[in-house]
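Before any comments, here is the structure.
The values are calculated or read from the model by the stated rules, or taken from the named source; none is laboratory data. As the structure is a computational prediction, the values presented were derived from the model and not from experiment. Here the Cβ is made from the backbone with ideal geometry for all residues, glycine too, and neighbour counts use every protein chain on show.
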Amino acid sequence: AGLAHGYQTLVDDTEATYQMNVPFTPGHDRGLRFDDPRLGIAWPLPVSVISDKDRAWPLLPAAVPSGAATR
């Protein structure tokens with residue numbers, strides 16, 4: 001729970017499903033940009049299909065806010 005996830009299918013016409021531990025509640029979701037340079041994700045293939053919603057997530061801030069826990 002509370003962990004970000006991302007996936008990329010490597011072949012055309014793939015269907016993916018996943019489960020959640022609580023029912024989805026519109027307006028309470030959060031996300032990360034697939035292409036955020038601070039994440040440094042090396043996707044196996046160029047990203048060719050992505051929803052407008054997922055493309056619109058903001059980039060991570062350049063600095064961790066004061067008082068935030070870090071690991």
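Below are the figures for this structure:
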| read-out | value |
| --- | --- |
| Residue within segment 15-28 that is under 15 Å from the mean Cα position of the chain (by Cα), hydroxyl-bearing (Ser, Thr, Tyr) and at pLDDT below 85 present | yes |
| Those residues of segment 16-59 which are among the basic types (Lys, Arg) and either part of a loop (DSSP other than H, G, I, E, B) or closer than 13 Å to residue 5 by Cβ (or both), in sequence order | 30, 33, 38 |
| Any pair with Cβ under 6 angstrom, 6 or more apart, that starts in segment 1-20 at a residue that is on the phi > 0 side of the Ramachandran plot and ends at one that is β-branched (Val, Ile, Thr) | none |
| Qualifying residue in segment 60-68 (condition: modelled with pLDDT of 85 or more and not in a helix (DSSP H, G or I)) | yes |
| Count - residues of segment 13-48 that are hydrophobic (A, V, I, L, M, F, W, C) and surrounded by fewer than 10 Cβ atoms within 10 Å (Cβ to Cβ) | 6 |
